[in-house]
Amino acid sequence: MSRLVLTHATAVLPDRILEDATVVAEDGVITAIDPSTPGSAAEGDDLRGALLIPGLVDSHSDGLERDLRPRPGAEMDPHFALTSYEGRARAAGVTTVFHGIGYHDNESKDRSVEQAEMLVRVIGERNQTGAALVDHRLLLRLDARAATALEALKGAVERLHVPGAPLPLVSFEDHTPGQGQYADVEAYKRAVGGAVPTDQLDEYVRRHMERRAGIEWHRDVSVAWLSEQALAGRLRLLAHDPAEVEEIHLRKEQGTAVAEFPTTLRAARAAREAGLITVAGAPNVLRGGSHSGNVSATQLISEGLVDALSSDYMPSTLLAAALLLASRKVIGLPQAIALITSGGARVGGFDDRGAL
């Protein structure tokens, strides 16, 4: 039996802080959390008052994309990119990460069905080595207007559905400018401006919106299939960037369990009333607001409307955001740590991690 003893820790428990604590784990499972005694330092590692918190659970990370393509045209080997990102996540305290895998057709973000399938394969291979530094999980992100993406995603869900295991996570989204995350078209232009020459930006966005309008009908097709699967208990459904109360009510009826990044205060309040788990972005907290001009995550947290923070694209933001919220007394430290630990575990449907 392996045994780990950590003494003189400041242990952050789900509902309180235990000063000068001793934590004992046997075979990877915590078996005791007690006040340290005068002789306890001799039993194990003395943390000298350092904060002891659970491993962070990141329910939504697109960070792997940045390691895969750190600059336009500079594409790295996907196995190297994954181990590179893994090191950054581990250094940030993340022990479980849900990689956002974009089943999209999005040239501005270099997301495609082919890349999605490749990343699912590479992540699976990394897990099988037994050498991974974090627990790699998948969040399948579907562009609801893309027909080819839906067909590919159906196959992925079928392969990933394992009886008795947590359900595959699927987030459906529609980033068409003029609604959702990019209700402000100017915010969308800022988001893609680096990839499109300035003198071509207006025309690019106009043509993009026209193309998306032509495939809007497929959104209903995608949502109908996802709802059917969610209600049948074959996947765990997340709604990305909900904006309106009516949308929240509809998504609840369709089997949605999680509201990711609600863009308005009214949507977040409706999600809470509907019993949906709500996710906000840690970068939003650190930046003091949304990069898309949407509702502030700190405002939502202050009103008790957020269950989990995700890194979105930068793993180091998780702990920094939680400590900032606690230092500014937006919420207490146990509640702030819960946002980046047990909150993420709830999003993923786990009950075996996220709390001391």
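Angle of helix 265-274 to the longest C-alpha principal axis of the chain, folded into 0 to 90 degrees and rounded to 10: 70°. How much accessible surface area, in Å² rounded to 10, belongs to the heavy atoms of GLU151 with a 1.4 Å probe? Approximately 110 Å² of GLU151 is accessible to the 1.4 Å probe.
Backbone amide hydrogens, once placed in the peptide plane, bring SER36 within less than 5 Å of HIS8, ALA21, THR22, excluding anything fewer than 5 places away on its chain.
Summarised as an ellipsoid, the chain has semi-axes of 36, 22, 20 Å, derived from the eigenvalues of the Cα gyration tensor scaled by 5 and square-rooted, with the largest first. For the chain, the relative contact order is 17 percent, taking Cα pairs closer than 8 Å that sit 6 or more residues apart in sequence and dividing their mean separation by the residue count.
Taking LYS154, LYS329 and ordering them by how much accessible surface each has at a 1.4 Å probe, largest first, produces LYS329, LYS154. For LEU139, the residues whose amide H sits under 5 Å from its own are HIS99, GLY100, ILE101, ignoring neighbours fewer than 5 places away on the same chain, with H placed 1.01 Å from N. Rounded to the nearest 500, what is the chain's calculated 222 nm mean residue ellipticity when only DSSP H runs of at least 4 contribute -39500 (n - 2.57) each, over all residues? Estimated from H runs of four or more residues: -12000 deg cm²/dmol.
For the peptides 334-344, 313-323, 113-123, the ranking by mean Cβ contacts within 10 Å, running from highest to lowest, is 334-344, 313-323, 113-123.
Computed extension gain for SER296 through ASP351, at 0.36 nm per residue and net of the alpha carbon distance, reaches 16.9 nm.
Whole-Hz Karplus values for region 303-310 come out as 9, x, 10, 10, 9, 8, 10, 10 Hz, taken residue by residue from phi with 6.51 cos²θ - 1.76 cosθ + 1.60 and θ = phi - 60°; glycine and proline positions read x. Rounded to the nearest whole Hz, the Karplus-based 3J(HN,Hα) values (6.51 cos²θ - 1.76 cosθ + 1.60, θ = phi - 60°) of region 140-147 follow the sequence 7, 9, 9, 6, 5, 9, 9, 5, with x at glycine and proline. Excluding ligands, DNA and RNA, the accessible surface per residue across region 214-356 is 39 Å² with a 1.4 Å probe.
Each of ARG287 and LEU4 was given a label point 7 Å from its Cα along the Cα-to-Cβ line. The distance between the two points is 3.4 nm. Taking label points 7 Å from Cα along the Cα-to-Cβ direction, GLU117 and ASP15 give a separation of 5.0 nm.
Only beta bridges with both residues in the chain are counted; by DSSP, about 30 percent of them are antiparallel. Packing around the peptides 31-38, 131-138, 56-63, taken as the average count of other Cβ atoms within 10 Å per residue, puts them in this order, highest first: 56-63, 131-138, 31-38. For THR278, the residues whose modelled amide H falls within less than 5 Å of its own, excluding neighbours fewer than 5 places apart on the same chain, are ALA259, ASP307, ALA308. Show log10 I(q)/I(0) for region 245-311 at q = 0.13, 0.19, 0.25 Å⁻¹, two decimals, from a solvent-free Debye sum over equal Cα scatterers. With no solvent term, the Cα-only Debye profile gives -0.30, -0.63, -1.03. Karplus-based coupling profile of region 79-85, in residue order and whole Hz: 5, 5, 4, 5, 5, 5, 5, with θ = phi - 60° in 6.51 cos²θ - 1.76 cosθ + 1.60 and x standing for Gly or Pro. Which percent, nearest 5, of DSSP beta bridges in region 12-135 are antiparallel? DSSP beta bridges in region 12-135 are roughly 65 percent antiparallel. Counting Cα-Cα pairs of region 102-175 in 5 Å increments starting at 0 gives whole-percent bin shares of 3, 15, 26, 24, 17, 11, 4, 1. For the chain, the longest principal axis of the C-alpha atoms and the axis of helix 317-327 are separated by about 60°. Between 0 and 90 degrees, rounded to the nearest ten: what's the tilt of helix 217-231 against the longest Cα principal axis of the chain? Helix 217-231 sits at roughly 30 degrees to that axis.
By the equivalent-ellipsoid construction on the alpha carbon gyration tensor, region 1-46 comes out with semi-axes of 17, 14, 7 Å, ordered largest to smallest.
The values are calculated or read from the model by the stated rules, or taken from the named source; none is laboratory data. Since the model is a prediction, treat every value here as computed from it, not as a measurement. We place every Cβ from the backbone using ideal geometry, glycine too, and count neighbours over all the protein chains shown. These accessible areas exclude ligands, DNA and RNA; they are computed on the full protein's heavy atoms, side chains included. Shrake-Rupley method; radii C 1.70, N 1.55, O 1.52, S 1.80 Å.
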